[in-house]
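Colleague: The following block contains the structure, expressed as structure tokens.
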Amino acid sequence: MTIDTTPKMTWWNRLSHPGQFVALTRPLILPLALVTGVLFAVGLWYGFFSSPPEKYMGDTVRIMYVHVPTAWLSQFVYATMAVSALGTLVWRHPMADVSMKAAAPLGAAFTAMALFTGSLWGRPTWGTFWEWDGRMTSTLVLLFIYLGIVALWRAFDDQLRAARVVAVFTLVGAVNIPIIKFSVDWWSTLHQPASVFRADGPTMPGEILTPLFIMFFAFTFLFITLQLAAMHTEVRRRRITTLERRAARGDAR
Amino acid sequence: MIALGAHAEFIIAAYVGVFAGLAGLIGWTVFAARQTRRRLEELGDGQRQGSSAQ
């Protein structure tokens, strides 16, 4: 093989090398953090100073500006983990299990926030903090699945072996995502049906949709920023493990 | 600050809870990143962080 016939390193190949991945994506962290900060500032300003009380919900509609984005992320983060699980099992991509591991605690936190804000919205609106209906119960199950995945990662010393077990568990748990999404259509629930992501368009007025979408992007950009930072940390953590093992064997450089 | 109506305590509690959670997530992410960076430097791998392999 000569230099002319050597295959060129594609972006996919570069992303599959942990060190290259860190080098390529590290410059993104600061711009992403700045965009996230601006989106939160604008979203909060709109949410509190420019958005009127809603016809039926009154001022409690403002809880929607933190509830809907966290509820969206609780499912989006799991979808990210499910795609990463496929990356681990099917393509054996070295960064796939790093992505899976980094996302799990973030997903658990966003799910807990969605449940917390939902119950605070439910008390003045429905008269109860909690109801065992399809949407709320399946979201609680999602939180337990996230916590199970975090615990599973910690149960293994061999992270490559853990990755395969967690990937299978993650894909099995993915069955819960369509249940959460369609629970409000399949069963008669206290939780209202979808009012933003609908085939016939959102049913909310523009002055409520604007802060909702700004906060939606703010939370999504925050997740992307934290996910990248957590993936960099995981790459370094694995490097530490390798170096410590070498040092323990007495052949450290 | 605008008036938040009869259910102000629920709205305030929701925002305080969420932003406390976000502060915790960001703090934990930054702390873990600094801790691993420091440990790599102790192991003499400080300069190779950007190009370190597994």
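The values are calculated or read from the model by the stated rules, or taken from the named source; none is laboratory data. In this text, all values refer to a predicted model and were calculated from it rather than measured experimentally. With ideal geometry, Cβ positions are generated from the backbone for all residues, glycine too; neighbour counts draw on all protein chains shown.
Colleague: Mind checking whether some residue in segment A:229-247 is within 14 Å of chain B (Cβ to nearest Cβ), closer than 24 Å to A:Pro52 by Cα and buried (at least 17 other Cβ atoms within 10 Å of the Cβ)?
Modeller: no
Colleague: Another one. Out of all the residues in segment A:149-161, is one or more within 14 Å of the chain's Cα centre (by Cα) and modelled with pLDDT of 85 or more? Outline the logic, then answer.
Modeller: Within segment A:149-161, the subset within 14 Å of the chain's Cα centre (by Cα) is A:149-150.
After this cut, where a residue has to be modelled with pLDDT of 85 or more as well, the list is A:149-150.
Yes: segment A:149-161 contains one or more residues that are within 14 Å of the chain's Cα centre (by Cα) and modelled with pLDDT of 85 or more.
Colleague: Does segment A:144-155 hold any residues that are more than 13 Å from chain B (Cβ to nearest Cβ) and touching a helix residue (DSSP H, G or I) at 6+ places or on another chain (Cβ under 8 Å), and which are they? Steps first, please.
Modeller: Our first condition is that a residue be more than 13 Å from chain B (Cβ to nearest Cβ); within segment A:144-155, this holds for A:144-149, A:151-155.
Of everything in segment A:144-155, those that are more than 13 Å from chain B (Cβ to nearest Cβ) and touching a helix residue (DSSP H, G or I) at 6+ places or on another chain (Cβ under 8 Å) turn out to be A:Ile145, A:Tyr146, A:Leu147, A:Gly148, A:Ile149, A:Leu152, A:Trp153, A:Ala155.
Colleague: Residues being within 7 Å of chain A (Cβ to nearest Cβ) and either under 25 Å from the mean Cα position of the chain (by Cα) or not in a helix (DSSP H, G or I) (or both): count how many of those fall in segment B:5-21.
Modeller: Qualifying residue count for the region: 8.
Colleague: Suppose we filter segment A:173-186 for residues that are of a type in the set (Gly, Ala, Ser) and in a helix (DSSP H, G or I); how many remain? Outline the logic, then answer.
Modeller: The initial filter retains those residues of segment A:173-186 that are of a type in the set (Gly, Ala, Ser), namely A:173-174, A:183.
Add one more test, that the residue is in a helix (DSSP H, G or I), and what stays is A:173, A:183.
Total satisfying the criteria: 2.
Colleague: Further question: Among the listed residues A:Leu140, A:Leu106, A:Leu160, A:Leu73, which satisfies the condition of being surrounded by fewer than 19 Cβ atoms within 10 Å (Cβ to Cβ) and closer than 28 Å to A:Leu15 by Cα? Show your work before the answer.
Modeller: Values: A:Leu140 fails: closer than 28 Å to A:Leu15 by Cα; A:Leu106 fails: surrounded by fewer than 19 Cβ atoms within 10 Å (Cβ to Cβ); A:Leu73 fails: surrounded by fewer than 19 Cβ atoms within 10 Å (Cβ to Cβ).
Step by step, each of A:Leu140, A:Leu106, A:Leu160, A:Leu73 is checked, and only A:Leu160 is surrounded by fewer than 19 Cβ atoms within 10 Å (Cβ to Cβ) and closer than 28 Å to A:Leu15 by Cα.
Colleague: Scan segment A:228-238 and tell me whether some residue there is under 30 Å from B:Arg39 (Cβ atoms), more than 23 Å from the chain's Cα centre (by Cα) and among the β-branched types (Val, Ile, Thr). Show your work before the answer.
Modeller: Residues of segment A:228-238 under 30 Å from B:Arg39 (Cβ atoms): A:228-238.
Filter again for more than 23 Å from the chain's Cα centre (by Cα), leaving none.
No.
Colleague: Right, another one. So which of A:Thr203, A:Thr170, A:Thr225 ends up being in a helix (DSSP H, G or I) and either at pLDDT below 90 or away from every other protein chain (no Cβ under 14 Å) (or both)? It would help to see each step written out before you state the result.
Modeller: On the way: A:Thr203 fails: in a helix (DSSP H, G or I); A:Thr225 fails: either at pLDDT below 90 or away from every other protein chain (no Cβ under 14 Å) (or both).
Result of the check over A:Thr203, A:Thr170, A:Thr225: A:Thr170.
Colleague: Could you please find all residues in segment A:47-89 being hydrophobic (A, V, I, L, M, F, W, C) and over 24 Å from the mean Cα position of the chain (by Cα)? Can you show your working first?
Modeller: First, pick out the residues of segment A:47-89 that are hydrophobic (A, V, I, L, M, F, W, C): A:48-49, A:57, A:61, A:63-64, A:66, A:68, A:71-73, A:76-77, A:79, A:81-83, A:85-86, A:89.
Answer for segment A:47-89, where residues must be hydrophobic (A, V, I, L, M, F, W, C) and over 24 Å from the mean Cα position of the chain (by Cα): A:Phe48, A:Phe49, A:Met57.
Colleague: Then there is this: Would a scan of segment A:124-138 turn up a residue that is within 14 Å of another protein chain (Cβ to nearest Cβ), in a helix (DSSP H, G or I) and under 22 Å from A:Val83 (Cβ atoms)?
Modeller: No: segment A:124-138 contains no residue that is within 14 Å of another protein chain (Cβ to nearest Cβ), in a helix (DSSP H, G or I) and under 22 Å from A:Val83 (Cβ atoms).
Colleague: Here's another thing I want to ask about it. Would you be able to tell me the number of residues in segment A:175-194 that are within 18 Å of A:Val83 (Cβ to Cβ) and surrounded by 17 or more Cβ atoms within 10 Å (Cβ to Cβ)?
Modeller: Initial filter on segment A:175-194 (within 18 Å of A:Val83 (Cβ to Cβ)): A:175-178, A:180-181.
From the residues that got through so far, the ones that are surrounded by 17 or more Cβ atoms within 10 Å (Cβ to Cβ) too are A:176-177, A:180.
Result for segment A:175-194: 3.
Colleague: Output the number of the condition that A:Ser84 fails; it satisfies all remaining conditions of (1) surrounded by 21 or more Cβ atoms within 10 Å (Cβ to Cβ); (2) modelled with pLDDT of 95 or more; (3) touching a Leu at 6+ places or on another chain (Cβ under 9 Å); (4) polar (S, T, N, Q).
Modeller: Unmet for A:Ser84, out of (1) surrounded by 21 or more Cβ atoms within 10 Å (Cβ to Cβ); (2) modelled with pLDDT of 95 or more; (3) touching a Leu at 6+ places or on another chain (Cβ under 9 Å); (4) polar (S, T, N, Q): (3).
Colleague: Show the residue pairs meeting these rules: Cβ distance below 9 Å; 6+ apart or different chains; first residue within segment A:9-26 and without any contact (Cβ under 8 Å) to a residue 60 or more places away in the chain; second residue assigned to a helix (DSSP H, G or I) and aromatic (Phe, Trp, Tyr).
Modeller: Going by the 9 Å Cβ cut-off, the qualifying pairs are A:Arg14/A:Phe21; A:Leu24/A:Trp11.
Colleague: Collect the residues in segment A:48-60 that are buried (at least 21 other Cβ atoms within 10 Å of the Cβ) and more than 9 Å from chain B (Cβ to nearest Cβ), keeping them in residue-number order.
Modeller: Initial filter on segment A:48-60 (buried (at least 21 other Cβ atoms within 10 Å of the Cβ)): A:51, A:59-60.
A:Ser51 - this is the single residue of segment A:48-60 that is buried (at least 21 other Cβ atoms within 10 Å of the Cβ) and more than 9 Å from chain B (Cβ to nearest Cβ).
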